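Shown next, in structure tokens, is the structure this report addresses.
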Amino acid sequence: MSPDEIRVLLTKAKSYEGVSTSRALPKNADLHGKVVVNLFYEDSTRTRASFRLAASRLSADVLDMSASGSSVSKGETLVDTARNIEAMGVDIIVCRHSQSGAAIQLAQATDCAIVNAGDGQHEHPTQALLDSYTIAKRLGRDSDFDFTGLTVAIVGDIGHSRVARSNVHCLTKLGAKVILVGPPTLLPGSFDGLDCEMSNDLEEVLPRIDVINMLRIQFERLAGPAFPSQREYTTLYGLTVARMKRAKQDLVVMHPGPMNRGLEIESAVADGTNSVILDQVANGLAVRMATLALVAGQ
Ligand code: CP
């Protein structure tokens, strides 16, 4: 997406805000008559639920599908599954898959709109969009979604993180400076070509940032130990109350979830006044409503 396209989407999300969270307001009819299928081959709480609710708030018909309980368990391929769903008159497929490139593969194999809800270690575009939306709302930049002058650190398991990659693209396009922070074993060279600073030293980075996005250590994707011990990881890279004293007083604290409480983030920080973690979840609804409406041609 271009910077202008991102701003169009975030502005549209703003227009949906009341409808996304308040059941006192009537549903919006922008997707009336459309069919949305959530095709999730990987577990999810936030993304699946918010796409489901977003489609529902826009009056679409919604079908939830997962690998277990479908013919995927009998060996049907991703493309065959999508083509069969499409044959039933589907307009949008929201896909999460463990394989990088799954979404683009479906986009090439079908005629319906495909929304990437996370593909392997590659991208998680709507997470990045809702993260930027949340930053803009918290810092009063939601009139123009211009992040010039802001510095954002993304900390932790960068190497396995589709959230990090999508956030780097989105934040830099909106004008922010991005610093990726983590142990050398979790800061891969594949991020070298992206327009961001890399650091192994959170203590040094902390005083000069406006926003910190703490990533989950993805134990399920680690081939072997990436750091000597969890205690050592927390000592060097955990966001603790003690470490927050080095940060700007109004530092915006984010986490895409699910959190490893006590490892990458201390509970008192996750639940503290600097935290916008539940705002991220709430804003995900409006951002996903905007995503679905725009790919449906609204
Ligand atoms: N942030 C995120 O993608 O969470 P889920 O895996 O629960 O959807």
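The values are calculated or read from the model by the stated rules, or taken from the named source; none is laboratory data. Since we're looking at a predicted model, the values are computed, not measured. When we count neighbours, we look across all protein chains shown, and the Cβ atoms used for this are built from the backbone with ideal geometry, even at glycine.
Whether a residue is within 16 Å of the ligand (Cβ to nearest atom), acidic (Asp, Glu), outside the structural domain of residue 120 (by TED's automatic domain parsing) and in a helix (DSSP H, G or I) was assessed, and residue 220 passes this test. Taken over segment 228-248, the criterion of being part of a loop (DSSP other than H, G, I, E, B), more than 13 Å from residue 261 (Cα to Cα) and within 25 Å of the chain's Cα centre (by Cα) is satisfied by 247, 248. Restricting attention to segment 117-158, the residues that are free of Cβ contacts under 8 Å to residues at least 40 places away in the same chain and either of a type in the set (Gly, Ala, Ser) or surrounded by 22 or more Cβ atoms within 10 Å (Cβ to Cβ) (or both) add up to 4. Applying the condition of being in contact with a helix residue (DSSP H, G or I) (Cβ under 7 Å, 6 or more places away or on another chain) and among the hydrophobic types (A, V, I, L, M, F, W, C) to segment 154-165 and asking which residue is modelled with the lowest pLDDT yields 158. Of all residues in segment 2-45, those satisfying the criterion of being hydrophobic (A, V, I, L, M, F, W, C) and within 16 Å of the ligand (Cβ to nearest atom) are 39, 40. The set of residues in segment 166-209 being of a type in the set (Val, Ile, Thr) and at pLDDT 95 or above consists of 168, 172, 178, 179, 181, 205, 209. Check whether at least one residue in segment 255-262 is away from the ligand (no atom under 16 Å from the Cβ) and either touching a residue at least 40 places away in the same chain (Cβ under 8 Å) or assigned by TED's automatic domain parsing to the domain that holds residue 157 (or both), and report yes or no. Yes: one or more hits.
Out of 132, 100, report the one residue that is among the small types (Gly, Ala, Ser), within 16 Å of the ligand (Cβ to nearest atom) and touching a strand residue (DSSP E or B) at 6+ places or on another chain (Cβ under 7 Å).
100
Residues in segment 239-265 that are farther than 27 Å from residue 42 by Cα and either surrounded by 12 or more Cβ atoms within 10 Å (Cβ to Cβ) or among the β-branched types (Val, Ile, Thr) (or both): 239, 240, 241, 243, 244, 246, 247, 248, 251, 252.
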